[in-house]
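Inspection log for the structure reproduced underneath, given as structure tokens.
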There are 2 protein chains.
Amino acid sequence: MKARRKSPVDQTGIESQFCSIDLRLKILGELPFFHGLSSQALEEINRHFVEVGYAAGEVIYHAGDPARRFYAVADGKVKLLQHALSGRNVLLDILIPGEFFGSLSPRDAMDYPDTAQAQTPVCALSINSAEFRTTLDRYPEAALIVLDLMANRLQAANENVFRLSSMEAEQRIASTLLKLGEKLGRSHEGGILIDLPLSRDELAEMTGTTTETASRTVSQFQAKGLIQGGRQWIAITDLDALKSVAQSG
Amino acid sequence: MKARRKSPVDQTGIESQFCSIDLRLKILGELPFFHGLSSQALEEINRHFVEVGYAAGEVIYHAGDPARRFYAVADGKVKLLQHALSGRNVLLDILIPGEFFGSLSPRDAMDYPDTAQAQTPVCALSINSAEFRTTLDRYPEAALIVLDLMANRLQAANENVFRLSSMEAEQRIASTLLKLGEKLGRSHEGGILIDLPLSRDELAEMTGTTTETASRTVSQFQAKGLIQGGRQWIAITDLDALKSVAQSG
DNA sequence: TTGATTCCATGATGTAGATCAATTAATTAC
DNA sequence: GTAATTAATTGATCTACATCATGGAATCAA
């Protein structure tokens, strides 16, 4: 098809699955909840974390695994999903550098509720959740920032509940593309490129639809000039028009 | 219809909209995040809270209002909802005594994302969000408990996203009734009474369906002996069978 | 360069549940 | 006790989108 072309999504970047110890201290200081701590504090915190690399597609942990570790994304993108009995996934969130996932506190009876999977090559910083709790005990200002971030996440999840409950498929897809553009977008040829590989199947998993519906809707948006896309990529070309679709319920 | 009868949901209880100052210190100590603090700490915290009563149906705050205050439910039940352009509501959560809502931290640009409304007569404890943040600064062990509760809330919201994305209406309704039974249920005639007034319309708002679909499904469940219900009430009578429906996707 | 694989697009058909409508029953007000 | 109102139930019809199927194009492997 005419509009399809080679993906402009940049999938090079550092080979994240070989993330460097040198980066760890630098990245820890850049995590929003440790930002502003003293060098001494970061040095101490640093000793508890390890960096772990994952190849694109690799599962970090499965839903149902005992929840023992806290993670922060240092580089790359991580997706959180749940699995339906039908074999279909529900894609709950895509996490970018600085965001966290996993277990916040040690609770023996808890399992991970979602599967975490590397969407791209990923470097993650990881710590045992008991040690993370100790870290928050030692640095309560960090705990308060994590609390704020968690409140933001709850709000985003509730917005998703609202979308799924009250919008039709086209509206949900437009709304989700806008959110992805806000979170992962970079300027590109006058529009906003959603800067991660995103298949029609994944878009469907995020919007409570099927691959065919996502593909039809994306094709219609392309035909109308709202977006441009191809294999595993989408760029928003008419932001205002896409917003109109998202708000038209 | 035969199974319908006068609601067994107890709507008496204290006239919550006239909640007593005497109760405040007692209730503060029972909030999960202040539980365990010393009497002296509770005395100090107590000075910052006010108790506020709301009649059933009264709106505590509207979505879009500037977010200035943190609330905890002392007595009664509060519902959080968002409003679609169609006029329909999406019912995001029903909060019980000990649960919190509102603004966790003072952020000038923030509005309340949801409307909070008294489902029953409600007594709430309220504090300015800047003062609440100061309280968490002073008592970081409380912040960590709030963090855990927030993580639980995020997990519940994600489960709701999963339900809405991957289940059909009957399954979602069964699943939601089970959750309501867990959270708000009390033993009643060998079953579990969902102990709050709950209309078919509200059940529909919680499950992404319409009133007619909720009513049809509830009638089918009654016909099969899974539940018993009437005007604004539902009791689960066959827990195992309802679980089977919820898990049958 | 060619063949295999994966992803996307499009068409046809079926259905879950929304929409619209009317009726019944419970509750409230007088 | 009666009338009005509210909530729930049930029926008929319509539609958004899932399901099933097929073909095309991009990408990868040999």
* **So B:F70, is it assigned to a strand (DSSP E or B), aromatic (F, W, Y) and not assigned by TED's automatic domain parsing to the domain that holds B:T176** => yes
* Residue pairs meeting the criteria (Cβ under 8 Å; at least 6 apart or on separate chains; first closer than 20 Å to B:D148 by Cα, in the range B:27-46; second surrounded by 14 or more Cβ atoms within 10 Å (Cβ to Cβ) and among the polar types (S, T, N, Q)) -> B:L28/B:N46
* To do: Of the conditions (1) open to solvent by less than 20 Å² (accessible area, probe 1.4 Å); (2) outside any strand (DSSP E or B); (3) modelled with pLDDT of 90 or more, B:L28 clears all except one; give me its number.
  => (3)
* Members of the range A:159-182 found to be of a type outside the set (S, T, Y), part of a helix (DSSP H, G or I), more than 8 Å from every other protein chain (Cβ to nearest Cβ) and within 16 Å of DNA strand D (Cβ to nearest atom), listed by number -> A:R163, A:A169, A:E170, A:Q171, A:R172, A:I173, A:A174, A:L177
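Give the range B:172-195 a look and list any residue that's closer than 30 Å to A:M167 by Cβ and open to solvent by 20 Å² or more (accessible area, probe 1.4 Å), or say none.
Hits for the range B:172-195 are B:R172, B:L178, B:K179, B:E182, B:K183.
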* Structure fact -> Checked against (1) over 16 Å from B:G29 (Cα atoms); (2) open to solvent by less than 50 Å² (accessible area, probe 1.4 Å); (3) in a helix (DSSP H, G or I); (4) facing chain A (nearest Cβ under 7 Å), B:L104 satisfies every condition except (3)
* Going through the range B:47-56 one residue at a time, which ones are open to solvent by 40 Å² or more (accessible area, probe 1.4 Å) and touching a residue at least 60 places away in the same chain (Cβ under 8 Å)? -> B:H48, B:V50, B:E51, B:V52, B:A56
* To do: Tell me which residues, restricted to the range A:59-70, are away from chain B (no Cβ under 14 Å) and open to solvent by less than 40 Å² (accessible area, probe 1.4 Å).
  => A:I60, A:Y61
* Taking the stated definitions as given, is B:A156 open to solvent by less than 20 Å² (accessible area, probe 1.4 Å) and within 13 Å of chain A (Cβ to nearest Cβ)? -> no
* Structure fact -> Expected single match for over 24 Å from A:A56 (Cα atoms), of a type in the set (D, E, K, R) and touching a Leu at 6+ places or on another chain (Cβ under 6 Å) among A:D195, A:D238 is A:D238
* Counted residues, the range B:168-227 - those being closer than 21 Å to B:E99 by Cβ, within 11 Å of DNA strand C (Cβ to nearest atom) and free of Cβ contacts under 8 Å to residues at least 60 places away in the same chain -> 1
* Does the range A:86-96 include one or more residues that are touching a residue at least 12 places away in the same chain (Cβ under 8 Å), within 13 Å of another protein chain (Cβ to nearest Cβ) and open to solvent by 50 Å² or more (accessible area, probe 1.4 Å)? -> yes
* To do: Out of the residues in the range B:212-248 that are within 14 Å of chain A (Cβ to nearest Cβ) and within 10 Å of DNA strand D (Cβ to nearest atom), state the one that is surrounded by the fewest Cβ atoms within 10 Å (Cβ to Cβ).
  => B:T213
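The values are calculated or read from the model by the stated rules, or taken from the named source; none is laboratory data. The model shown is predicted, which means the values in this text are computed figures rather than measured ones. In this analysis, Cβ positions are derived from the backbone assuming ideal geometry, glycine residues included, and neighbour counts consider all displayed protein chains. Note: areas computed on protein heavy atoms with side chains; ligands, DNA, RNA excluded. Shrake-Rupley method; radii C 1.70, N 1.55, O 1.52, S 1.80 Å.
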